[in-house]
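A quick write-up on the structure given underneath.
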Amino acid sequence: MISPSLLKIYCICLAILFGCSTEKVADLVILGGKIYTANEKAKISEAVAVTGDKITFVGAEENANKLIGDKTEVIDLEGKILTPGFIEGHGHIMGVGYNELELDLSDIKSYDEMVDVVRQAASKSTPGEWILGRGWHQEKWEMKPEAMINGFPVHDKLSAVSPDNPVFLRHASGHAGFANAKAMEVAGVNTLSTEKYKREDSEGGEVLRDALGNPTGIFNERAMGLIDEHIPEKTPEKDAQALDLAIRSCLRNGITSFQDAGASRESIQLFHNFKRAGKLGVRLYVMVSGNDPQHVYEWFKNGPEIDSSGQLTIRSIKLHCDGALGSRGAWLLEPYSDRPGFSGMATLSMDTVTKISREALKSDFQVCAHAIGDRANREVLDRYEMAFKENPTKASDHRFRIEHAQHIHPDDIPRFAKLGVIPAMQAIHMSSDRQWAIDRLGEQRIKESAYMWQALLKSGAKIVNGTDAPVEPLNPIPSFYASVTRKTLKGFPESGYEPEQKMTRIQALRSYTIDAAFAAFEDSIKGSIEPGKLADFTVFTHDLMTVPEDQILQTEVFMTIVGGKVVYRRP
């Protein structure tokens with residue numbers, strides 16, 4: 001009897017002699033763990049093989065072993081789990097990088113602690129040098145300052161420790177900023193008579209002031225522009241450094257694709273430079289910022305840039321339609337429960353939303369509109385619907401999105417699926433915000449219309465998950481945890497907030513993989529583990545799909561693979 005090894009050699013010799021084909025060996029074979037494919041049947045597999053940057057086999061280890069040759073790289077998962085590469089469905093990649101270059105205030109527990117951080121920064125700065133930071137959130141402080149106006153601190157202590165340096169600290173949401181006296185002096189907004197002050201107060205922005213009319217240091221929504229226009233422009237060298245840091249952060253966190261929610265002209269040029277230099281590292285799906293209308297219409301004229309390799313695609317427009325709940329800028333149908341008579345604000349004309357939606361359909365672009373409050377969501381849905389009805393042919397597969405969709409009137413929830421509009425929602429916001437958001441909306445609105453994941457899913461909508469980084473840390477595991485538990489990261493409350501709105505674990509996985517890919521027109525090339533798709537994978541230390549809830553947050557990213565290449569291994 002001929003041994004199996006001799007028989008294999010004999011077959012190879014025959015193939016060489018007679019030109020017959022043999023099974024092609026793979027460049028990479030991964031086995032030894034559990035593979036969640038995230039395909040339509042949600043199958044679990046034993047092994048996957050890769051040739052080049054594409055998946056060529058998914059199935060049993062026994063069959064995968066036949067694809068291993070002398071030069072095949074073999075990764076033994078040793079019991080860990082592998083999923084499709086996680087997709088950050090809504091973030092700000094340059095912000096992620098700059099968050100590592102400026103003051104990170106996300107862990108600040110009180111106003112006094114923030115003042116102390118600025119004091120230390122001022123002691124190391126030259127007079128006149130700007131001190132910038134981001135991440136503070138007054139509702140998350142363990143101790144509130146004595147002096148507060150409309151729920152925000154006043155600048156006195158901040159100004160006292162930085163008399164010679166202009167300071168501007170962005171709120172975690174990115175929808176408000178806190179300036180010291182020096183920054184307001186530079187910007188010329190210390191008096192009520194300032195024409196700019198009046199302009200910004202009446203055009204989707206607000207400068208908070210005390211009873212005497214003096215600015216408190218808080219600049220809400222578009223009023224931040226009063227300070228921003230005096231901050232020195234970022235240099236190309238610093239932009240490149242920030243992007244490099246952001247890419248590294250993505251790969252550490254198992255993020256293989258990043259949907260960038262609002263890129264400037266300069267950032268898009270930088271992305272192209274990185275791609276040409278082979279330094280992009282993470283796959284980018286870019287939304288052109290609507291803050292530069294001329295840039296938007298240039299893209300409409302030239303058409304989308306769709307990268308068949310999946311590295312850099314630009315085919316959507318980001319519109320900023322209202323503010324955030326934290327800064328009370330979200331546009332509501334009824335006033336805030338904790339600020340009677342005030343319902344937030346639109347930060348963009350709804351006529352502009354209609355016009356951009358029409359032009360986007362004609363030019364094969366997607367529209368992604370930021371809308372957090374229930375009025376903003378309704379108004380945007382109305383404008384989308386109008387554009388769809390006017391151009392039904394182009395609207396047949398539009399995949400228009402609403403970014404955040406945090407607070408939706410019950411009557412508007414089924415409209416997402418009916419219109420084919422995709423809610424891009426960041427589950428981690430519920431975990432971070434729910435404890436104080438009830439003060440903004442009241443119990444009835446929180447329970448009936450906020451963070452309505454399961455209601456949207458049951459209606460037929462697809463949900464895109466993410467973190468809104470740097471608003472929240474880029475790590476997807478806390479957002480996955482929030483999706484399936486509806487708890488704070490400290491595990492409160494025991495049953496979760498509005499537990500009927502939890503996602504199942506497979507729904508949460510899909511929201512970070514195949515459904516996120518669908519929302520970027522990329523579900524045919526990535527988002528699930530199937531032959532022919534890009535070999536992007538994330539390896540986790542724990543089985544996110546089966547471990548007890550209290551162990552989900554202990555899970556870490558063990559390995560990140562992009563295009564069949566290992567680009568990150570946990571030290």
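One table, with the values for the structure above:
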| quantity | calculated |
| --- | --- |
| Cα gyration tensor of segment 235-531 - equivalent ellipsoid semi-axes, whole Å, descending | 29, 23, 19 |
| Loop-resident sites, segment 463-567, for trypsin sites (Lys or Arg not before Pro), counting at most 14 other Cβ within 10 Å (DSSP) | Lys490 |
| Given charges at beta-carbon only (K, R positive; D, E negative), |dipole| of segment 93-228 in Debye | 120 |
| Top positive-direction residue, dipole computed over the chain with Cβ charges, set Tyr111, Met452, Ala516 | Ala516 |
| Length gained when the stretch Asp116-Asp439 is fully extended (0.36 nm per residue, less Cα-Cα span) | 113.4 nm |
| Added length on full extension, which subtracts the Cα-Cα distance from 0.36 nm per residue, Asp76 to Thr126 | 12.7 nm |
| Computed Rg/Rh of segment 93-228, alpha carbon atoms with Kirkwood Rh | 0.94 |
| Value of relative contact order over segment 235-531, rounded to a whole percent, pairs C-alpha under 8 Å and six or more apart | 12 |
| Label point distance in nm, Asn291-Ser396, each placed 7 Å from Cα along Cα→Cβ | 3.8 |
| Karplus-derived 3J(HN,Hα), 6.51/-1.76/1.60, for each residue of segment 35-48, Hz, glycine and proline x | 10, 8, 7, 6, 7, 4, 8, 6, 6, 10, 10, 9, 8, 9 |
| Computed [θ] at 222 nm, helices only, for the chain once each DSSP H run of length n ≥ 4 contributes -39500 (n - 2.57) | -10000 deg cm²/dmol |
| Summed residue charge, Cβ within 13 Å of Thr555's Cβ, Lys/Arg positive, Asp/Glu negative | -1 |
| Within the chain, percent of DSSP bridges classed antiparallel, to nearest 5 | 50 |
| Extension gain (nm, one decimal) between Asp210 and Lys41, 0.36 nm per residue minus Cα-Cα | 55.0 nm |
| Over segment 26-121, relative contact order from alpha-carbon pairs under 8 Å, at least 6 apart, % | 28 |
| Two-site FRET efficiency, Met386 against Ser459, from Cβ-Cβ distance with R₀ of 30 Å, rounded to 0.05 | 0.90 |
| Total charge dipole magnitude, the chain, about the Cα centre, Cβ charges on Lys, Arg, Asp, Glu only, Debye to nearest 20 | 1200 |
| Neighbour-count order for Val282, Val58, Val567, fewest beta carbons within 10 angstrom listed first | Val567, Val58, Val282 |
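Every number in this text was worked out from the coordinates using simple rules, so none of it is lab data. Nothing here was measured: the structure is a model prediction, and the numbers come from that model. Cβ atoms come from the backbone with ideal geometry, glycine included; neighbour counts cover every protein chain shown.
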